[in-house]
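> Below are the C-alpha cells for one structure; questions will follow.
The values are calculated or read from the model by the stated rules, or taken from the named source; none is laboratory data. Please read these numbers as outputs of a predicted model, since none were measured by experiment. Cβ: placed from backbone, ideal geometry, glycine included. Neighbour counts: every protein chain shown.
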C-alpha cells in the first residue's frame, strides 16, 4: 500500500509538472507569435468579468487595459472601449450609441480606427455637436447587446441607436460558470487545447463546415433564432417608447463575399427591421467589390480592418443623413 501511494503521488506530481511546463510553453510561444484564438482567450480571461444575470453573463471590467492582437483595448468606468462619458448628455449635444460584438468593439484595430470613432469625425465636420458611444463587446449576441443597453445605454439618453448585426448573433447565450471562469483566467493551456479541438472538428466536417453551421442555427424553428428576434423587437419597443431613432446594420461574413452564400441570414435581420419599421443598411454592397482578405485584420482573422471600418463608417454616415436619423427628436 505504501508503494502504491508513492506511485500515485509521483504520477500526480509528473502530470502537474507537465501541465505547468505546457502552460509556460504556450504562454511563451504565443507571446512572440500572435494567434487569433489565443488572443481572444486572453481578452476574455483578462478584460471580462462574470455577471449574475442569466441574459447577460459577462461584461468588460471597468478601467482596465490590455494589448490583444497587437492593439490596446482600454475600458472606461462603464466597461466600454470608450473615453470617459458624462452620463447626463450636455445640452445641445446629440448621442449615437452603437450596440454590437467584437466587430463593433474594434477587434484588431486601434481605437481611433473603429467605425464608431470614424463616424463621429464625419458627423462633426464643421459642427462638434455629436458624440458616438461604442458599447461593442466581444462574444455578445443580440440578446446580450439589448440587455447591456437596458443596463447602461438607456442612461446615456441617446438620440440614435445603431444595432450592428453579424451573422452569428443568433447563437445561444454563452454560459460562464465560476469554475470555467477560474480555469479560463488562469490556464491558457486549456484555451489552446480547446482551439485545437475546434479545429479538428472543423476538419472532420470538411470545407463546408461554416455553411453547415450557419444553416443549422438559422433553421426554421430554431429556439435561438426566435430568442434573437424577440430581443430585437424589445429593443425597437424600448427605443420607440423613448423617442429614440434606431438603425439596424448588417455586417456580412468577410470570408465569403463573392457569390455571398448567407443571404438567408441577411433576409432574416432585414425582415425583422422591416416588420418593425426600422431603417436597415446592408454592408455587403459596400464590401463586395473588394477582395475579402484586403478587409481582414490579418490572414487568419476576418474581423474588419481599418480600411473596412472606414468604408462602414462612410456608409452609416450616408444612411443617417439620407434617413434624417439625427434630426430633432
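> Among the candidates 215, 255, single out the residue that is touching a strand residue (DSSP E or B) at 6+ places or on another chain (Cβ under 7 Å) and either surrounded by fewer than 16 Cβ atoms within 10 Å (Cβ to Cβ) or outside any helix (DSSP H, G or I) (or both).
Result: 255 is the single residue among 215, 255 that is touching a strand residue (DSSP E or B) at 6+ places or on another chain (Cβ under 7 Å) and either surrounded by fewer than 16 Cβ atoms within 10 Å (Cβ to Cβ) or outside any helix (DSSP H, G or I) (or both).
> Among (1) touching a residue at least 40 places away in the same chain (Cβ under 8 Å); (2) touching a strand residue (DSSP E or B) at 6+ places or on another chain (Cβ under 7 Å); (3) outside any helix (DSSP H, G or I), where does residue 281 come up short?
Looking at each condition in turn, residue 281 falls short on (1).
> Same structure again: Any residue in region 23-38 that is modelled with pLDDT of 80 or more, surrounded by fewer than 12 Cβ atoms within 10 Å (Cβ to Cβ) and under 19 Å from the mean Cα position of the chain (by Cα)?
Within region 23-38 (the criterion being modelled with pLDDT of 80 or more, surrounded by fewer than 12 Cβ atoms within 10 Å (Cβ to Cβ) and under 19 Å from the mean Cα position of the chain (by Cα)), the answer is no, since none of the residues qualifies.
> Just to be sure I understand, how many residues within region 114-133 are out of contact with any helix residue (DSSP H, G or I) (no Cβ under 7 Å at 6 or more places or on another chain), part of a loop (DSSP other than H, G, I, E, B) and either closer than 25 Å to residue 295 by Cβ or at pLDDT 95 or above (or both)?
Going through region 114-133 one residue at a time, the tally reaches 1.
> Checking residue 197 against (1) out of contact with any strand residue (DSSP E or B) (no Cβ under 6 Å at 6 or more places or on another chain); (2) modelled with pLDDT under 75, which single condition isn't satisfied?
Status for residue 197: all satisfied but (2).
> Same structure, new question: Would you be able to tell me the number of residues in region 16-68 that are assigned to a loop (DSSP other than H, G, I, E, B), in contact with a helix residue (DSSP H, G or I) (Cβ under 9 Å, 6 or more places away or on another chain) and either within 23 Å of residue 142 (Cβ to Cβ) or without any contact (Cβ under 8 Å) to a residue 60 or more places away in the chain (or both)?
Of the residues in that region, 3 qualify.
> Looking at 327, 301, can you tell me which residue is at pLDDT below 95 and touching a helix residue (DSSP H, G or I) at 6+ places or on another chain (Cβ under 9 Å)?
Exactly one of 327, 301 is at pLDDT below 95 and touching a helix residue (DSSP H, G or I) at 6+ places or on another chain (Cβ under 9 Å), namely 301.
> For residue 136, only one of the following conditions fails: (1) part of a helix (DSSP H, G or I); (2) within 23 Å of residue 233 (Cβ to Cβ). What is its number?
Result: residue 136 passes all but (1).
> Here is a further query. Does residue 237 count as out of contact with any helix residue (DSSP H, G or I) (no Cβ under 9 Å at 6 or more places or on another chain) and loosely packed, with under 13 Cβ neighbours inside 10 Å? Step through it out loud before you land on a result.
Values: out of contact with any helix residue (DSSP H, G or I) (no Cβ under 9 Å at 6 or more places or on another chain): yes; loosely packed, with under 13 Cβ neighbours inside 10 Å: yes.
It is true that residue 237 is out of contact with any helix residue (DSSP H, G or I) (no Cβ under 9 Å at 6 or more places or on another chain) and loosely packed, with under 13 Cβ neighbours inside 10 Å.
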